[in-house]
Amino acid sequence: MLLDYASLGFLMMGLTMAFYVFIYIHDIPYEIAKKRNHPQVEAIHVACILSLFTAHVLWPLVFIWAVTKRKPIEVTVHDSGTDVDQYLDRIAELEAKLSQLEAQQTSQPVEQGND
């Protein structure tokens, strides 16, 4: 008689654990969405619950839905404080150096080899 009650208790514990594991697996997309700050977390949670009643057809779609939304990337723009006049001065310097190099090149005779 004691073994009958013990086996019944083990059976009930096993079924309860299987039920909770089943629910935990179905909430994985919700946990992923919550961790990734998905904008539609609650809708994903509802879809996870609905997938329990639709023979698990929705679960892969909900999982893809939860994973596809990426975390927002934080972008910061730093103003280096440079002025346009500095760029114009630098361009003028480079143009002066270029004209000096062109003058040197034209003043040197071009040697042609007779091979």
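Test of understanding: ordering 28, 44 by Cβ neighbours within 10 Å, fewest first, what list do you get?
Sorted ascending by nearby Cβ count, the order is 28, 44.
Where does each of 90, 36 land when they are ranked from fewest to most other beta-carbon atoms within 10 angstrom? Could you put the intermediate results ahead of the total?
Working: 90 10, 36 16.
Starting with the residue having the fewest Cβ neighbours, the order is 90, 36.
Starting with the fewest neighbours, write out 13, 1 ranked by other beta-carbon atoms found within 10 Å of each beta-carbon. Provide the component values of the computation, followed by the final result.
Working: 13 10, 1 5.
Taking fewest neighbouring Cβ atoms as first place, the list is 1, 13.
Beta carbons within 10 angstrom, averaged per residue: use that to sort the peptides 55-62, 100-107, highest first.
Peptide ranking by packing, descending: 55-62, 100-107.
Specify whether the C-alpha gyration tensor of the stretch 2-68 places it in the rounded, prolate or oblate class, a ≥ b ≥ c being the square roots of the eigenvalues: rounded for a/c under 1.5, otherwise prolate if a/b is larger than b/c and oblate if not.
prolate
Coordinate-derived values only; no laboratory data. All values derive from a computational prediction rather than experimental measurement. Glycine gets a Cβ as well: all are built from the backbone with ideal geometry, and neighbour counts include every protein chain shown.
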